[in-house]
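First comes the structure, then the notes that go with it.
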Amino acid sequence: MAHFDTRMAAFQSNLDKASTAPVTLSTLSSDFAQFKTLMTESLISLQQQVHVLAQQQDRLEMHNRRKILLLHGVRVDDEGDLTTVVSGILTERLKVPVSPDNISRTHRMGGLSQGKLRPILVKFRRTEVRNSVWSAKTALKNSGITLSEFLTKTRHDIFMKARKHFGVTKCWTRNGVVVIIGPDGKRHRVSSIAEVSQLINVLPISAGGVVSISTNTSVALKTSDSAGAGSSRSKRVVKK
């Protein structure tokens with residue numbers, strides 16, 4: 001900010017001097033170029049500061065959610081005490097002893113929608129219990145019930161973009177961090193859209209719908225053109 005004030009003061013001084021001196025086109029061009037450079041540098045600096053503040057806010061919000069999990073697919077008509085129902089499901093299906101005393105609060109999320117099950121927000125009293133439940137989530141496979149972390153909007157967008165490109169089985173979250181198995185077979189931890197885009201560039205998709213992988217293997221993808229070509233049939237001419 002001090003640099004900005006100094007440069008603006010210099011411009012004002014030059015402007016005052018120009019009021020008593022003839023102004024040429026070259027002088028105006030030079031002053032405009034300097035002013036444009038100053039404005040560009042200032043905007044870039046502001047963008048960087050906003051980005052840093054947004055990242056700090058996202059980390060703080062995710063830290064506040066560290067004891068929370070979302071439980072999906074629970075079909076109970078008359079739930080009664082939701083905390084008791086949730087603790088029973090977790091204990092029975094995950095084989096992790098979770099008593100109602102281990103849970104701080106539970107409630108359904110979102111508005112009422114006919115035919116749609118709303119996820120249940122479960123906040124645990126201790127992080128250790130939450131982590132034990134999260135580590136045992138694979139026991140819910142094929143049960144219709146799933147667990148997910150309570151991600152911020154930024155991290156949810158990162159997760160969805162990664163899943164869309166790399167596939168559902170190649171992406172997951174752990175403590176709010178998105179983990180991706182990249183084309184190199186290694187695990188990559190990402191926390192921004194820019195980092196996901198960088199990984200996507202490592203796995204380019206050609207115009208023919210082929211994904212090129214660094215291990216000299218390729219996976220053919222179905223495209224609308226190829227599907228349409230296979231379904232076209234020649235018409236038979238019937239002579240009368």
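Any read-out appearing in this document is the output of simple, stated calculations on the displayed coordinates, not a laboratory observation. The structure presented is a predicted model; accordingly, all values stated were derived computationally and were not measured. In this analysis, Cβ positions are derived from the backbone assuming ideal geometry, glycine residues included, and neighbour counts consider all displayed protein chains.
Only four residue types carry charge here, +1 at the Cβ of Lys and Arg and -1 at the Cβ of Asp and Glu. Report the dipole size of region 63-150 about the Cα centre in Debye, rounded to the nearest 20.
420
Mind scanning Lys161/Lys186; Lys123/Lys170; Lys95/Lys161; Lys36/Lys164; Lys141/Lys186 and naming the pairs with a C-alpha gap bigger than 29 Å? In this structure, Lys95/Lys161; Lys36/Lys164 lie more than 29 Å apart at Cα.
By the count of neighbouring beta-carbon atoms within 10 Å, fewest first, Met160, Met109 end up ordered Met109, Met160.
Over all pairs of different C-alpha atoms in region 133-187, the reciprocal of the mean inverse distance, the Kirkwood hydrodynamic radius, equals 12.2 Å. Think of region 63-150 as having a plus end and a minus end, set by charges on the Cβ of Lys, Arg, Asp and Glu; of Gly88, Ile103, Asn64, Asn64 sits farthest toward the positive end of this dipole. All alpha carbon pair distances within region 63-150 were sorted into 10 Å bins beginning at 0; the resulting P(r) in whole percents reads 17, 57, 25, 2. Put the Cα centre of region 95-124 next to the Cα centre of region 134-178 and the gap is 17 Å.
Among residues other than Gly144 with Cβ under 11 Å from its Cβ, the summed charge is +3 (Lys and Arg +1, Asp and Glu -1). As a proxy for reagent exposure, Leu121, Leu71, Leu112 were ordered by neighbouring Cβ count within 10 angstrom, fewest first; the result is Leu112, Leu121, Leu71. The slack in the chain from Gln49 to Asp101, taken as 0.36 nm per residue of separation less the alpha-carbon distance, amounts to 14.4 nm.
For Thr6 and Lys186, FRET efficiency with R0 = 51 Å and r from the beta-carbon atoms, rounded to 0.05?
In this case the efficiency is close to 0.60.
Using the Cβ atoms and a cut-off under 15 Å, what net charge is assigned to the surroundings of Leu53, where Lys and Arg are +1 and Asp and Glu are -1? Around Leu53, the charge tally is -1.
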